[in-house]
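The values are calculated or read from the model by the stated rules, or taken from the named source; none is laboratory data. Bear in mind that the values here come from a model prediction, so they are computed numbers and not experimental data. Cβ atoms come from the backbone with ideal geometry, glycine included; neighbour counts cover every protein chain shown.
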Amino acid sequence: MDITGIAAVVTGAASGMGEVAARSLAAKGAKVALLDLQADRVQAVAGEIGGLGLACDVADEASAEAALAAARQAHGPVRLLVNCAGIAPGARVVGREGPHALALFHKTITVNLVGSFNMLRLAAAEMAAAEPMADGERGLIVNTASVAAYEGQIGQAAYSASKGGVVGMTLPIARELARHGIRVMTIAPGLIKTPMLAGMPQEVQDSLVATTLYPKRLGDPQEFADLVLHIAGNRMLNGSVIRLDGAVRLAPR
């Protein structure tokens, strides 16, 4: 896929990996719509890169439909969707205050898994109805999971379940959308230096880095964005999950 001139949509684009991915796509000539609940912040980022900033709740059907309609009106049919929106609350199944709050588990699944699928299904329908591009491809969807989908830590039951769902739906959706010329890939980041991780005490960051084989550091959001760009340019990448993690294997806690 040639990024130049295509319409791209990035969720969770107000900060972290989503923001850097949006900036990188714009730098390569894509017309980017940036979606996030943080309306002021996402519009500020969009203004800096010449994109379109839209407030969007990815798990809400009407909100997602409205955001994609606005993006389509501004840039044309979406050709690349990057799903980065997500939350990562921590809670034990049985904690000091009793059992895990069911509402928190439900919210995590709703935002991370249902939200990803909501955006994916709408974008896929738009891609399938569009004319093929010069290379015959109609679109690409890149979801974001986590290494916690494979070795979640204590307190990550909800988060791991939500990201495991993202991993699990990758291949069946890729199989279904192949006839439309649409690829589906998932990136499973490890310890990336997002605002959430960067805000942790240094000793906590150091303990996390110690579990990484090589390189011995937190990942950079730019490395996530670079992988998105590589996936776009390599048409043989489809239906798979790529771990972006320095070979880290998370300890139980």
The one condition in (1) surrounded by fewer than 21 Cβ atoms within 10 Å (Cβ to Cβ); (2) among the acidic types (Asp, Glu); (3) touching a strand residue (DSSP E or B) at 6+ places or on another chain (Cβ under 9 Å) that Asp135 fails to fulfil: (3)
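Yes/no per residue for (1) β-branched (Val, Ile, Thr); (2) farther than 19 Å from Gly139 by Cβ:
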{"site": "Asp2", "(1), (2)": "no, no"}
{"site": "Val9", "(1), (2)": "yes, no"}
{"site": "Arg23", "(1), (2)": "no, yes"}
{"site": "Gly29", "(1), (2)": "no, no"}
{"site": "Ile49", "(1), (2)": "yes, yes"}
{"site": "Arg72", "(1), (2)": "no, no"}
{"site": "Leu80", "(1), (2)": "no, no"}
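Are any residues in region 87-138 hydroxyl-bearing (Ser, Thr, Tyr) and closer than 22 Å to Ala8 by Cβ, and if so, which ones?
Within region 87-138, just Ser116 meets the criteria.
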Among the residues that make up region 147-154, is at least one of them closer than 17 Å to Arg235 by Cα and either touching a helix residue (DSSP H, G or I) at 6+ places or on another chain (Cβ under 9 Å) or touching a residue at least 40 places away in the same chain (Cβ under 8 Å) (or both)? no
Within region 129-142, is even one residue of a type outside the set (D, E, K, R) and part of a helix (DSSP H, G or I)? yes
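Residue by residue, here is whether (1) crowded, with 24+ Cβ neighbours inside 10 Å; (2) under 24 Å from Glu223 (Cα atoms); (3) not hydroxyl-bearing (Ser, Thr, Tyr) holds:
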| site | (1), (2), (3) |
| --- | --- |
| Ala22 | yes, yes, yes |
| Ile49 | no, yes, yes |
| Ala67 | yes, no, yes |
| Val93 | no, no, yes |
Do you know which residues across region 132-164 are modelled with pLDDT of 95 or more and over 18 Å from the mean Cα position of the chain (by Cα)? Pro132, Glu137, Arg138, Ala157
Restricting to region 143-154, and then to whatever is out of contact with any strand residue (DSSP E or B) (no Cβ under 7 Å at 6 or more places or on another chain) and assigned to a helix (DSSP H, G or I), can you tell me which residue is farthest from Val9 (Cα to Cα)? Glu151
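Being over 18 Å from the mean Cα position of the chain (by Cα), farther than 26 Å from Met185 by Cα, surrounded by fewer than 16 Cβ atoms within 10 Å (Cβ to Cβ) and at pLDDT below 95: is that true of Glu97 here? It would help to see each step written out before you state the result.
Numbers: over 18 Å from the mean Cα position of the chain (by Cα): yes; farther than 26 Å from Met185 by Cα: yes; surrounded by fewer than 16 Cβ atoms within 10 Å (Cβ to Cβ): yes; at pLDDT below 95: yes.
Judged against the criteria, Glu97 is a match.
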If a residue counts only when it is touching a residue at least 60 places away in the same chain (Cβ under 8 Å), which strands (runs of 3 or more DSSP E) contained entirely in region 1-93 have at least 3 such residues? 7-11, 80-83
Condition broken by Ala88, with the remaining ones in (1) buried (at least 16 other Cβ atoms within 10 Å of the Cβ); (2) at pLDDT 95 or above satisfied: (2)
